[in-house]
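These notes concern the structure reproduced below.
The values are calculated or read from the model by the stated rules, or taken from the named source; none is laboratory data. Here the structure is a predicted model, which means the values were calculated and not measured. Counting neighbours? That spans all protein chains shown, and the Cβs are built from the backbone with ideal geometry, glycine included. Just so you know, the surface numbers come from the protein's heavy atoms only, side chains and all, with ligands and any DNA or RNA stripped out. Shrake-Rupley method; radii C 1.70, N 1.55, O 1.52, S 1.80 Å.
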Amino acid sequence: MNYSYRLKTGILTLVLLMTGLSSCTRESDDSSPNKVLESYIQISFAAATAQDKKRMEELLTGDTKARLSSWSDDQFTKAFIGTKKKFQGLKVLETKKVNEQEVALTYELSYQEGPQDKLALVTQRKLCTITHEADGWKIKEVRSIRESIEYLKELSLP
């Protein structure tokens, strides 16, 4: 075999290997704790029907899943569909590995809420525990740390 053929074959092998590795990495990123949290929040803000409740439940486990599952369709509609919340942003502030099966995420969620004349920017800091189960990462618990509300259209006097 000549040198040129071996070089081309080696480069082709390297490219295929790198492509395979990058696709594996992308797949594992899709099921990471951060992605599960992002997916849950996206679904909750985009909820349009009671069927979205099932999609949210798939990302939960334990008591958190049991609480949401126990809600009636009317309760779900009032809490997620009937509200005037507009997603503004999600920022993961800290990721801490608790053990091999659990990760704690501290994050900040911001959204606008209320009618246009009384619009408020709500920023919540939360701590989320995400656990790895046989079928992937699931949200186990969410605790509020702090919430601030900034009214965007109201005047304040000194």
Heads up, the range 26-88 by the C-alpha gyration tensor (a ≥ b ≥ c square roots of eigenvalues; a/c under 1.5 rounded, else a/b over b/c prolate, else oblate) looks oblate
Expected sort for 91-101, 49-59 on mean C-beta neighbours within 10 Å, highest first, is 49-59, 91-101
Excluding ligands, DNA and RNA, the carbon-plus-sulfur percentage of the accessible area of the range 33-72 with a 1.4 Å probe reads 49 percent
Over the range 54-158, with neighbouring protein chains present, the accessible area per residue in Å² at probe 1.4 Å is 68 Å²
Filtered pair list for the range 75-142 (Lys only, Cα < 23 Å, 8 or more apart or interchain) has a length of 20
Of every hundred units of 1.4 Å-probe accessible area on the range 74-158, the number belonging to carbon and sulfur atoms, as a percent, is 48 percent
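Please work out whether the range 51-137 counts as rounded, prolate or oblate from its C-alpha gyration tensor, where a ≥ b ≥ c are the square roots of the eigenvalues and a/c under 1.5 means rounded, while otherwise a/b larger than b/c means prolate and anything else oblate? Write down the numbers at each step before the final one.
On the way: a/c = 3.12, a/b = 1.31, b/c = 2.37.
It is oblate, given that a/c is not under 1.5 and a/b is not larger than b/c.
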